[in-house]
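Below is one structure; the comments refer to it alone.
What follows draws every value from the coordinates through simple rules; no lab data is involved. Bear in mind that the values here come from a model prediction, so they are computed numbers and not experimental data. Here Cβ is always computed from backbone atoms with ideal geometry, including for glycine, and neighbour counts include all displayed protein chains.
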Amino acid sequence: MDERLEPTEVPLLQDPNNSGSRNKSNTRARWPWKGSIFILGAKFFERMAFYGVDTNLVTYLTGELNKSNAVAATISTTWLGTCNVTPLIGAITADAYLGRYTTMAIASTLYFIGLITLTSVSVLKLPSVVFYLGLYVMALGSGSFMPCIVAFGADQFDYSSPKERIRKSSFFNWFFFVSNFGPLLSSTGVVWVEDNVSWALGFGISTLIMGFAMGAFYSGTPIYRHQKPGGSPLTRICQVIVASVRKLRVQVPSDKSLLYEKEQEEESAVPGSRKLNYTDEFKCLDRAATISDDETKSGELCNGWRICTVTQVEEVKILLRMVPIWATAIIYTSAYAQAHTMFVEQGKTMNNSIGPHFKIPAASLYMFNSVTCMLWVLVYDFVIAPAMRKLKRNEKGLSELQRMGIGKLFAMFSMVCAALLEIKRLQVVKSHNLVHDADTPVPLSILWQIPQYVLLGIAETFVLAGQLEFFYEEAPDAMRTLCSALSHLSTAFGNYFSSVLVILVMLITTRGGSVGWIPNNLNEGHLDYYFWLWAALSLLNLAAYVAAAHRYRNKHVAHQIRDVLI
C-alpha cells in the first residue's frame, strides 16, 4: 500500500496542440503568454463594461427612476452584494460540470443580454421592472464570469516549467492591473457620457465594450488549455464528512500508508486532479479514508459515502486550512470599503477647489487609489519581485502569504492617516468656528486625503494580487474556481460587515442624546474616533492573520514537481 502515496504525474490540462497529452517540447515552443493575453484583454473590457453601470447606478436610479437617495443606495448595494455572491454559482458549475471555458461562454452571454436590456430600457422607455430584470441578469453573468476568468488565465501556464511558474505569478499582478485600469477609464469616459449626453448612449457603450470582451475571449479559443471538470466539490466535501461520522468507532491505522488511495498507475479518483499527500491535521477526517474490517472482507470500496480516498480527504483539509486566511480578508475588505464611504464623506466637508476655476468631486479622489494600484504593480513586477527572487533564491520572492500580510499592514497605516487628518480637520473647524456650520467648506485642502488613498492603493496591490494567486495555487486542482470565488465572497461579507459596524457605532455613540461619532454634520462628530476604531480592528486583524499564516501548511501534491514552499 505504500506505493499508493508515491508521486505520480497526471495530465491535468488538455492542450489543443497535443490532444490532451503534456508534450514538453511543444510547451517550450509555445509562447507562454499567448493564451493568457486574450484573458487579460477580456478582463480589461469586462471591467470597463461593469463599472460603466456600477459607478453611476445611484445617479440613474434617482434621476431616471425617481428613487430617493436611501432607496437608490439600498438597491445599488444589494445589487453589488449579489454580484459578489453569484461567483459561487459560476464556480461550482465550472468545477463540477461544464469547465471554465464553457461556463465563461454562457456567463458572458448572460452578461451581454443584461446590458442589452439596460440599453433597451433607456432607449425605449420600458417599465422599470425590465431594468431590474436586466440588472440582475447582468449580476448573474458578471458573478459567474469573475471567478472563472482568473483561474482560466492561470491555467494557460505550465506548472512543470520553472520559467512559466514565474510568469504565472506575474500574470496575477497584470490581471490585477487591468482590473483597475478598465474601471479607471470607464469611471471617467463612460460616466461622463451618461451624465452629459444620454443614458442610452452610455449603456450602449458599455454593451459594446462587453462585446469587445467576448471577442477577446473567443479569439484565444484555438490555443487555450483546459482543466477537466472534477465533479461536484460540494458532494465530495459532504462524502468526507458523512464517511467520517459513519466510522466514529473505526480505529485509524498508525501507518498512514494504509489509508485508502487509488493505485499508482491510475490518476486521482477526482477527475482532472493530482493526488494529494497525507497531512496530519484534522485527524478526525482520516476515518473517511480508513478501510474498515467489513470493507476489507467484502472488497467493496466503491461507495463514496462510506470510503473516500486520501486525496478527497485532503481536499477538505485544504479548505479548512484556508478558512482563517479567508476570514481575515473580510475585515480587510471592510476597511477598504471606507474609501467609498467615509473617505468620501470626509472629503465633502473640505475645500475641493483646485485653482480658481476647478473643483474636484470628493469621490474622484479614488482615482489616486486606482493609479497607485497600477503603478505599484509595475514597481512590484519589474523591481521588487526580481530583487526578492535573487535575495531569497526562490521562484516567487515574496510568497502570497507575505504579500497579503504586508498589504494588511498598509491598510492599517491608511486608517491611521485618515484619523490624523480628521484630527487636523476638526482643529481647523474649531479655530474657524465652523462646528455648527455644515455648509461652509472647511479651509483645508481635500488634497490632504491623497496619502490615505495612496496607502490603501499599495495595500490593495499586495493583498488582492497575492490573494488571487493564493486561492488558485493552494486550492485543490478540481476546486480552483470555487476557491477563486472566495475572494469575491469575502468582498460581499466585508461590505455587509462595514454596514453593520456603522449601525452599531451610531447606536452606541448616540445614547443619551449625543450626536454620535458620525452625525449628518461631521463638524459636530468624531469621525476620527471611527477611523481609530478601524485602525485598531486592522491591527487585530493583522495579528490574527500573522498567527494564521504562521500555522498554515502548504498543499503537498504527490507529484515529481513540488510546489514552492513559503
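Can you figure out the FRET efficiency of R389 with Y552, using R₀ = 25 Å and their beta-carbon distance, to the nearest 0.05?
Efficiency computed from Cβ-Cβ geometry: 0.70.
Entry for the chain at q = 0.07, 0.09, 0.10 Å⁻¹: log10 I(q)/I(0) = -0.46, -0.74, -0.90, Debye formula applied to identical alpha-carbon scatterers, no solvent contribution.
Taking region 262-399 as the region of interest, the number of lysine pairs whose Cα atoms are within less than 24 Å, with members eight or more places apart or on different chains, is 9. Going by alpha carbons, how many degrees (0 to 90, nearest 10) lie between the helix axis of 128-155 and the longest principal axis of the chain? The answer is roughly 50 degrees.
Each residue, L234 and T341, gets one label point 7 Å from its Cα in the Cβ direction; the gap between the two is 2.9 nm. Compute the acute angle (0 to 90°) between the alpha-carbon long axis of helix 527-551 and the principal axis of greatest extent of the alpha-carbon atoms of the chain; round to the nearest 10°. Approximately 10 degrees, to the nearest ten.
Mind running the shape call on region 291-429? Use the C-alpha gyration tensor, a ≥ b ≥ c as the square roots of the eigenvalues: rounded below 1.5 for a/c, prolate if a/b tops b/c, oblate otherwise. Taking the square roots of the gyration eigenvalues as a ≥ b ≥ c, region 291-429 is prolate.
The slack between L533 and S257, meaning 0.36 nm per residue of separation minus the straight C-alpha distance, is 94.3 nm. Residues M48, M322, ranked from the fewest to the most other C-beta atoms within 10 Å, line up as M322, M48.
Can you bin region 56-215 into rounded, prolate or oblate? Criterion: square roots of the alpha carbon gyration tensor eigenvalues sorted a ≥ b ≥ c, rounded for a/c under 1.5, prolate for a/b above b/c, oblate for the rest. Here region 56-215 falls in the prolate category. Sequence-ordered 3J(HN,Hα) estimates for region 494-508 from the Karplus curve with 6.51, -1.76 and 1.60 and θ = phi - 60° stand at x, 5, 5, 5, 4, 5, 5, 5, 4, 4, 5, 4, 5, 5, 6 Hz, glycine and proline given as x.
Note on L507 and S353: the extension gain reaches 52.0 nm, defined as 0.36 nm multiplied by sequence separation minus the Cα-Cα distance. Judged by the mean number of other Cβ atoms found within 10 Å, the most tightly packed of the peptides 287-293, 85-91 leads the ranking 85-91, 287-293.
Rounded to the nearest 20 debye, the dipole size of the chain about its Cα centre is 680 debye, using +1 on the Cβ of Lys and Arg and -1 on the Cβ of Asp and Glu. Helix 69-85 and the long axis of the chain differ in direction by around 20°, with both axes built from C-alpha atoms.
Per-residue Cβ neighbour counts within 10 Å put S122, S254, S179 in the sequence S254, S122, S179, beginning with the fewest.
Here the calculated FRET efficiency for S445 and E64, from their Cβ-Cβ distance with R0 = 25 Å, stands at 0.15, rounded to the nearest 0.05. For region 436-520, the pair-distance distribution built from all alpha carbon pairs, in bins 5 Å wide starting at 0, is 3, 11, 11, 12, 14, 15, 12, 8, 6, 4, 2, 1 percent.
Loop-resident trypsin sites (Lys or Arg not before Pro) (DSSP state other than H, G, I, E or B) in region 387-474 with no more than 15 further Cβ atoms inside 10 Å of their Cβ: R393.
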